[in-house]
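The next block holds one structure in the form of structure tokens; read it before the comments.
The values are calculated or read from the model by the stated rules, or taken from the named source; none is laboratory data. Here the structure is a predicted model, which is why all the values come from computation and not from measurement. Methodologically, a virtual Cβ is constructed for each residue, glycine included, from the backbone with ideal geometry; neighbour enumeration extends over all protein chains shown. Ligands, DNA and RNA are excluded from the accessible area calculation, which covers all protein heavy atoms including side chains. Shrake-Rupley method; radii C 1.70, N 1.55, O 1.52, S 1.80 Å.
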Amino acid sequence: MKPRCSGARFVALIVAFLLLALCQSAHAQRLESAEAFVYGITATTPGELFGTFSPPQVEEIYVLAGRVSVLSPRRTRVFFWPITQEYRADWSRLNEPLDGVLEIMRHNRVIETVIAEPYTAHYKAAGTTLGRLYVGGDAVEVEARFLESRAAYQQALKDYGTARTEWLARVRATQQDETTQPPQASEPLPPPALTVYSVGLHQGFPLKLEAGTYQIHMRQPDGNVASGSQRILRVFEPRRSVLGYEVIPEERWTYPVQANALTDAIVAGAGSVIYLRPRVAHEVPALAYERLRDAQYTGEVDAEWRWVAGEGDDAWANTTLEIVRDGLVVERLAKASFHVRQASEQRLGYEIVPFNPRTPELTPRVDFSGFRLQLPSGRAGFAVRLRPLVGAPYTGSTRQVRVMPASVLPVLAPTALLAVVFGLTLLVVG
């Protein structure tokens, strides 16, 4: 008698069968693509840059009022991807730029005709949405500089590889022959990494419109409207803007939190270190913002409005952070730049150190700028506010800082986790 399959083996076979069926189904769906007119979208907010695209199945495009965004008309093959329930473009098979002009209409009347211009988007290496959009002559100039810097970096990387190979050869020779003198020079250092990357130079229609609803289409050089180019353009705006803070905990620097609303308090553990980065925050319609980030967004939002961080370091270069207790300024902090590096010796994780341009081997780059705030060991709270070098504090820049005992934090974490698990259990049971 043949032995029966174990439970684990049976489950593995079922999973393999499902994966195979899913791959075959996805492959079949991928083959069912159709050639279509699409708009590549580079949408901007005050603090971020998002790239998405508008297939013909999605009739609406969302952009932020007063900000430059770019629509790039292209012909590609579009297919439905069942795993994520969205349409995708098969750029590898077809990615054809299209010529023409973009006509913007209201009430079926053309109010503006937009001519295509060169554009490029440069993103910071720290995050895919931290970037800047360049249009026209600026785009051509910036892209040329980027290509030069990239070529220089590639050459420096090649030179570093050659120098290190030669240095290692000298070290090995010293180890094999005691009469050979060790190399006088220290180990070569790699060149500083590129801090930005580019999407390349393309052609598109730059838009900068007031809030409202518009209709758009592309008119071809022969005078006809391109089939499939009709879209509804929804331009939305913030309902208010305030000066807020991005709060970076030293021990969890990759998980910053935002203190945007005037009623938001900054909460941190006693004796800990946090970094405050002033930013203009904008309260925008939550659903419109999600559809700006992803033109095909069909999910729900947890609130009607959402705070979005805006202008950061450059806008608040010449400022000081005042520490206020009982209405009196007890300390003023200067803004500084910092580098995040891997912790040395036996420590794990990373550490934040002041940036020093004179020690490129220790601090090769600036990762962020802000105000370093060492919280007291007691529970006494205080307030912070931002002041320019000359003049009164910025209106709306005051936030309360609440200091929690360090012993409370480990207690709160399991409690919060238990609450989440309990909520999920109720959701599943319900």
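Observations
- Accessible-area composition of region 248-384, carbon plus sulfur, in percent [1.4 Å probe]: 48
- Cleavage-rule hits, trypsin sites (Lys or Arg not before Pro), region 63-95, DSSP coil, Cβ neighbours within 10 Å at most 13: Arg93
- Glu148-Asn356 pseudo-label distance in nm [points 7 Å out on the Cα-to-Cβ vector]: 3.2
- What the Cβ-Cβ distance of Tyr160 and Lys208 gives, at R0 = 35 Å and to the nearest 0.05, is a FRET efficiency of 0.20.
- Using θ = phi - 60° and Karplus 6.51 cos²θ - 1.76 cosθ + 1.60, couplings along region 285-297 (whole Hz; Gly, Pro as x): x, 4, 5, 4, 5, 5, 6, 5, 5, 9, 4, 9, 4
- Compared with the alpha-carbon gap, the fully stretched path from Ala317 to Ile232 is longer by 26.6 nm at 0.36 nm per residue.
- 3J(HN,Hα) from dihedral phi, region 98-104, Karplus parametrisation 6.51/-1.76/1.60, rounded to Hz, x for glycine, proline: 10, 9, x, 10, 9, 9, 9
- Cβ-based net charge around Glu237, under 14 Å, with every Lys or Arg adding one and every Asp or Glu removing one: +4
- Positive minus negative residues near Gly381 (Lys, Arg vs Asp, Glu; Cβ under 13 Å): +3
- Backbone amide hydrogens, once placed in the peptide plane, bring Asp367 within less than 5 Å of Phe338, His339, Val340, excluding anything fewer than 5 places away on its chain.
- Local electrostatic count at Pro256 - Lys and Arg +1, Asp and Glu -1, tallied over other residues with Cβ under 10 Å: +1
- Spin-label model, Thr174 to Gln57: label points 7 Å out along the Cα-to-beta-carbon direction sit 6.4 nm apart.
- Between region 276-325 and region 133-152, the alpha-carbon center distance in angstrom: 28
- Global geometry of region 52-152, whether rounded, prolate or oblate, following the gyration tensor of its Cα atoms and the 1.5 cut on a/c: oblate
- Global form of region 177-296, assessed from the alpha-carbon gyration tensor, a/c cut-off 1.5: oblate
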